[in-house]
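Worksheet for the structure shown next.
The values are calculated or read from the model by the stated rules, or taken from the named source; none is laboratory data. Model, not experiment: these values are computed from the prediction. Heads up, the Cβs are rebuilt from the backbone with ideal geometry, glycines too, and the neighbour counts pull from every protein chain shown.
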C-alpha cells in the first residue's frame with residue numbers, strides 16, 4: 001500500500017521542478033506503523049513545511065529517522081527543470097504516470113493520495129490511472145483514493161520525502177535529504193533514469 005504526496009516550483013525564478021513521492025508499506029503493517037508514527041508526532045499531522053517554519057527542526061530530524069527505519073521503501077519521481085511554458089499539470093502528470101508504474105511493479109495496487117481539495121483536480125489522477133490500466137502498464141484492480149492528510153497520518157511520510165527533495169532542489173539545503181536517500185528510489189519522470197540529488 002502506498003501513500004503519495006508532492007511538491008513543486010513552477011513559474012518562479014530559479015530552479016523549477018515537480019516531484020511526486022510515495023511511501024510504501026506492507027498492508028499488514030499499516031495499523032502498527034500508523035500507531036507508531038502517532039506516538040512519535042504526538043498525533044500531529046506531519047506537514048514538514050509548517051514544522052520547519054515553526055523552527056521544529058529537532059522534531060523533523062526525529063520523524064525523518066522514523067520514516068527511514070519504518071517505511072518499507074520510498075519512491076520519488078522528478079521533472080526538473082520544468083521547461084519554460086510547460087504547465088504544472090503536464091509536469092505533474094509525467095511524475096504521476098512514472099510513479100504509478102513503479103508502484104505497480106512492487107505489486108502496490110492500493111494508492112492513497114493527498115487530496116488537492118477539489119473533486120475536479122483529484123479526478124484528473126483517476127484519468128491518468130485509467131489510461132495506464134487500459135494500456136496494461138498498471139493492474140486493472142489498481143485503486144486510487146484521495147484523502148485529506150488530516151485524516152491519514154501516513155501521508156506525512158510521503159510529505160517528508162517530497163519536502164526533503166524540495167529543500168535540496170530549491171534551497172540547496174542538504175540537511176534533510178540524506179536521511180531518506182539510502183531508502184529511496186529516485187528517477188526522472190518519463191525516462192526513469194536514476195537521479196542523484198547530491199548532484200542536482
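A few remarks follow.
- Breaking point among (1) in contact (Cβ under 8 Å) with a residue 24 or more places away in the chain; (2) over 26 Å from residue 195 (Cβ atoms); (3) assigned to a loop (DSSP other than H, G, I, E, B), for residue 40: (3)
- Subset of segment 64-104 (residues that are outside any helix (DSSP H, G or I) and more than 16 Å from the chain's Cα centre (by Cα)): 81, 82, 83, 84, 85, 86, 87
- Members of segment 79-92 found to be in contact with a helix residue (DSSP H, G or I) (Cβ under 7 Å, 6 or more places away or on another chain) and surrounded by 21 or more Cβ atoms within 10 Å (Cβ to Cβ), listed by number: 79, 82
- Top-ranked residue in segment 148-171 [being surrounded by fewer than 16 Cβ atoms within 10 Å (Cβ to Cβ) and in contact (Cβ under 8 Å) with a residue 12 or more places away in the chain; ranked as nearest to residue 118 (Cα to Cα)]: 148
- Some residue of segment 35-50 being within 17 Å of residue 170 (Cβ to Cβ) and in contact with a strand residue (DSSP E or B) (Cβ under 6 Å, 6 or more places away or on another chain): no
- Failed condition for residue 130, given (1) under 28 Å from residue 42 (Cα atoms); (2) part of a helix (DSSP H, G or I); (3) at pLDDT 95 or above: (1)
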